[in-house]
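Take a look at the structure below.
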2 protein chains.
Amino acid sequence: MTDEVATRSGEFVQSLERGLAVIRAFDAEHPQLTLSEVARSTGLTRAAARRFLLTLVELGYVHTDGRLFSLRPRILDLGYAYLSSLSLPEVARPHMEALVAQVHESCSVSVLDGDEVVYVARVPTKRIMTVGISVGTRFPAYATSMGRVLLAAAPAGWLDDYLRTAQLRPLTRRTITDPAKLRTTLTRIAAQGYALVDQELEEGLRSLAAPIHGDNGSVIAAVNVSAHASRGSFETIRKELLPPLLATAKRIEEDLGAGSGR
Amino acid sequence: MTDEVATRSGEFVQSLERGLAVIRAFDAEHPQLTLSEVARSTGLTRAAARRFLLTLVELGYVHTDGRLFSLRPRILDLGYAYLSSLSLPEVARPHMEALVAQVHESCSVSVLDGDEVVYVARVPTKRIMTVGISVGTRFPAYATSMGRVLLAAAPAGWLDDYLRTAQLRPLTRRTITDPAKLRTTLTRIAAQGYALVDQELEEGLRSLAAPIHGDNGSVIAAVNVSAHASRGSFETIRKELLPPLLATAKRIEEDLGAGSGR
């Protein structure tokens, strides 16, 4: 990777990397952090962490009471810049809502980012028990139905690299962890046009996904419905949910195509 | 603002400010930008814009085909760091969904950030015509029902400053633009415990909001339902929607309180 080294030494703006690391230090488990905690979790010196935090305070992204620091809602501007630049979530949402109203299961749309799927739209079904998934949630692609649909459509050379290097960890006792078996599964998914994952990401969770194609025929995203195992057998789920899911994917594609002239 | 100048000259990390400005250059109207466009919209030199863009490419936040640049889904990590640090959206969502199922109007939760409200949770109703509002959307506080609930609960000194300096623009012909009249309205809202805004943000849109109180009794957020004017009169909306909205706010407060021990 000579290019990367060259970039790092020459053009790379380390202050930006460090500032973004300070932002990412805050999460659900750490909504409020002291200066020392930010320094520890980012690997920065206290002096450097302090400069980045005070800069973020001044820019309106971080709040402090003098001791504790927390993110402010302005930070949503950054992620929102991405979401609002995608027409996909906006176009997909009404069709996702119609599907959820029909089948009473949650529906999501995600894209591939490296070896993970990232949720860019989600319509949960109305349930007492909800799943902690929202826009921005990431999962390893190999163990999810949407991830498999996206991997199945990836360029051959990229997929070869992925299967050679990916850490296929057993997230449940059913997770496919053998690269050769995963490849066979992806080939079948590409041929049949959908993926059904049976409790490989989490026990009790089955998920069915279909590709969303762009104008040029390439797969740009995946849409899924997930169901608790109590809904019925693998075969019941395919029979009940696959036709409406494929119809939803088709409607999204049509609307995306219709909007491509703008 | 001597402090700010001191900070700027001493500790302020300008590279971080500039890098974040490059991220914000991308939006719905500009999902793909050339180097020149980024330089123009951020006021950076081409050389500086190039360094920031290449840094963001290397960090996985930006994609480029060599000419056009666009944000990658990893950027959601930044905004998501904020959202996942709030327990509010997660706690509120099931109660918002129950309200939407009951009244068939969209429900949102927002917080005050400076002089704007920022949406942190939203459950749209199922409609053909949807409103382009999502998590991260911002509106001027003075013209929205949630903003008025939040302004009505703001500290007196802060509110005085706000009313003296805010630009109260007429967004519709009904928008209150007189600071004295706005103050009277806010006093009434504080006393009655809800705000009803009648087509002041947009013609045809009425919205009803209630405060969400934290453990110490302070107002931490607002929850609203919005309805098209065709739903009925101002009085009909208050009669039909206010009781379920207040009940929803109370349920959210109870759940927030129950979770405060964690």
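Within the stretch A:212-223, residues that are within 17 Å of A:Leu246 (Cβ to Cβ) sit with their Cβ atoms under 8 Å from residues that are of a type in the set (Ser, Thr, Tyr), at 6+ positions apart or across chains, in these pairs: A:Ala221/A:Ser110; A:Ala222/A:Ser110; A:Ala222/A:Ser145; A:Val223/A:Ser108; A:Val223/A:Thr248. Taking the criterion of being touching a residue at least 12 places away in the same chain (Cβ under 8 Å) and polar (S, T, N, Q), the only residue of the stretch A:72-96 that qualifies is A:Ser87.
Looking across A:Pro170, A:Pro243, A:Pro155, one residue alone is touching a Ser or Thr at 6+ places or on another chain (Cβ under 8 Å) and exposed (fewer than 15 other Cβ atoms within 10 Å of the Cβ). It is A:Pro170. Could you give me the residue pairs with C-beta distances under 8 Å whose first residue belongs to the stretch A:23-37 and is under 21 Å from B:Glu90 (Cα atoms), whose second residue is of a type in the set (D, E, K, R) and assigned to a helix (DSSP H, G or I) wherever it lies, and which are 6+ apart or on separate chains? Final answer for the pair search is A:Arg24/B:Asp77; A:Ala25/A:Glu37; A:His30/A:Glu37.
Only one of A:Thr236, A:Thr185 is over 22 Å from the mean Cα position of the chain (by Cα), in a helix (DSSP H, G or I) and among the polar types (S, T, N, Q). Can you tell me which?
Details: A:Thr185 fails: over 22 Å from the mean Cα position of the chain (by Cα).
Only one candidate passes the filter, namely A:Thr236.
The one condition from (1) modelled with pLDDT of 85 or more; (2) surrounded by fewer than 21 Cβ atoms within 10 Å (Cβ to Cβ); (3) touching a strand residue (DSSP E or B) at 6+ places or on another chain (Cβ under 7 Å) that A:Val149 does not meet is (2). Filtered by the rule that a residue be crowded, with 20+ Cβ neighbours inside 10 Å, within 18 Å of A:Glu17 (Cα to Cα) and in contact (Cβ under 8 Å) with a residue 12 or more places away in the chain, the stretch B:38-61 gives B:Ala49, B:Phe52, B:Leu53, B:Thr55, B:Leu56, B:Tyr61. Among the conditions (1) over 21 Å from B:Ile237 (Cα atoms); (2) open to solvent by 40 Å² or more (accessible area, probe 1.4 Å), the only one that B:Ala98 does not satisfy is (1).
The values are calculated or read from the model by the stated rules, or taken from the named source; none is laboratory data. Note that the structure is a prediction, hence the values are computed from the model and not measured. Here Cβ is always computed from backbone atoms with ideal geometry, including for glycine, and neighbour counts include all displayed protein chains. Remember, those area values only see protein heavy atoms, side chains included, never the ligands or the DNA or RNA. Shrake-Rupley method; radii C 1.70, N 1.55, O 1.52, S 1.80 Å.
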